[in-house]
1. Among the chymotrypsin sites (Phe, Trp or Tyr not before Pro) in the stretch 1-101, which ones are in a DSSP loop with at most 14 other Cβ atoms within 10 Å of the Cβ? Mind listing them?
2. Loop only per DSSP, at most 10 neighbouring Cβ atoms within 10 Å: give me the GluC sites (Glu not before Pro) in the stretch 68-115, ordered by residue number.
3. Full-extension gain between N31 and N213, please, as 0.36 nm times their residue separation minus the C-alpha to C-alpha distance.
Amino acid sequence: MPNINTDVAIMEFHPGPGGQEATLWAQDLMNMYIRYANKVGWKVRQIDGFVIQITGFDAYNQLKYEAGTHRVQRIPETEKRGRIQTSTASIAVMPKIDSKEVNFRMEDVTITACRAGGNGGQNVNKVSTAVHLVHKPTGLMFDVRTERYQQQNREIALELLKNKLWQMEEEKRASQVAAGRAGISQSTRADKIRTYNYPRNQIKDHRIEKSFNNLDSIMAGELDDLLLELTVLDQPEETKK
């Protein structure tokens, strides 16, 4: 078993069906966790558009149950008739894998350089500092442009690949050992774990069947009470009944 650094949580945000509103929702979720991290004094590093790394004491264990599909019910900014729309975004949460025990062959990896674009000065815009990584056996792809130098972005991309391969193995192991069991963070991306109802100012977590009537403050980063309630998911199944 590889050693994991539970003080690091890598969060990926994936817009679901719903077009522009789903993309906005994924961005809103990411901003929510960034606000929470800033509030509790954790460090946030944006790796790519919808990938962030949060570093702080036990950050992974505190955020691991945020993995899954988050459903929102609200009136989109682009909706002219005032109709409520339902959209989703899914979140993957991974720790940082410290050991080299997650194996892959470099010949199965292609890494190409590209220009980062955007802000960042002459070096970022005129030199191919960003990297695009593809793992051929799994089809995993990563675009990293956060650093000013190509080698740094290359190392980050390889680290993301290692973490993702670990997650895939955990998903496989979890499905074999406890197929259908709710609350396993690595296997809940396809499940609707939470609904955010803006007209009611309410959030409902479907795993613990509990509602919170302060959606506005939670979206502003006040996640302490919600995350505390989810600690029940760490308990053995027999103690939850």
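Values in this text are rule-based calculations from the coordinates and carry no lab data. Only a predicted model underlies this, so the values are computations on that prediction, with no experimental measurement involved. Note that each Cβ is placed from the backbone with ideal geometry, even for glycine, and that neighbours are counted across all protein chains shown.
1. In loop regions of the stretch 1-101 (DSSP not H, G, I, E or B), the sparsely surrounded chymotrypsin sites (Phe, Trp or Tyr not before Pro) are F57.
2. Counting only loop positions with at most 10 other Cβ atoms within 10 Å, the GluC sites (Glu not before Pro) in the stretch 68-115 are E77.
3. Gain on stretching N31 to N213: 63.5 nm.
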